[in-house]
1. Please find, within the range 55-70, the residue that is farthest from residue 25 (Cα to Cα) out of those that are part of a strand (DSSP E or B) and at pLDDT 85 or above.
2. From (1) within 16 Å of residue 12 (Cβ to Cβ); (2) touching a helix residue (DSSP H, G or I) at 6+ places or on another chain (Cβ under 9 Å); (3) at pLDDT below 85, pick out the condition that doesn't hold for residue 77.
3. So which pairs qualify, if the first residue must be in the range 1-30 and at negative phi, the second must be in a loop (DSSP other than H, G, I, E, B) and modelled with pLDDT of 70 or more, the Cβ gap must be under 6 Å, and the two must be at least 6 apart or on different chains?
């Protein structure tokens, strides 16, 4: 008889991780699950922002810090569809995810 041992653990293979010093949360780029941003400080929940194979995850927590904002960047394989998201310190989005460049 098969018995689950993971107790609802959600695992993913991370390629890149970045830390937001303003909002105290992480952004990751992971195999098969794309880009995700931690929903809050020390939160076990993650918000998917991009599908596919996530490759790059970056945070700019300096330029907008005085405004209490952080810019998150993610991209998938071969830098396909890079995304930019801006969040307020409390973790709520200030802007919707949008593609800021498409490489051809």
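The values are calculated or read from the model by the stated rules, or taken from the named source; none is laboratory data. Here the structure is a predicted model, which means the values were calculated and not measured. Note that each Cβ is placed from the backbone with ideal geometry, even for glycine, and that neighbours are counted across all protein chains shown.
1. Among residues in the range 55-70 that are part of a strand (DSSP E or B) and at pLDDT 85 or above, the one farthest from residue 25 (Cα to Cα) is 55.
2. Evaluating residue 77 over (1) within 16 Å of residue 12 (Cβ to Cβ); (2) touching a helix residue (DSSP H, G or I) at 6+ places or on another chain (Cβ under 9 Å); (3) at pLDDT below 85 leaves (2) as the failure.
3. 12/33; 13/31; 20/61; 21/61; 22/61; 25/41; 30/12; 30/13
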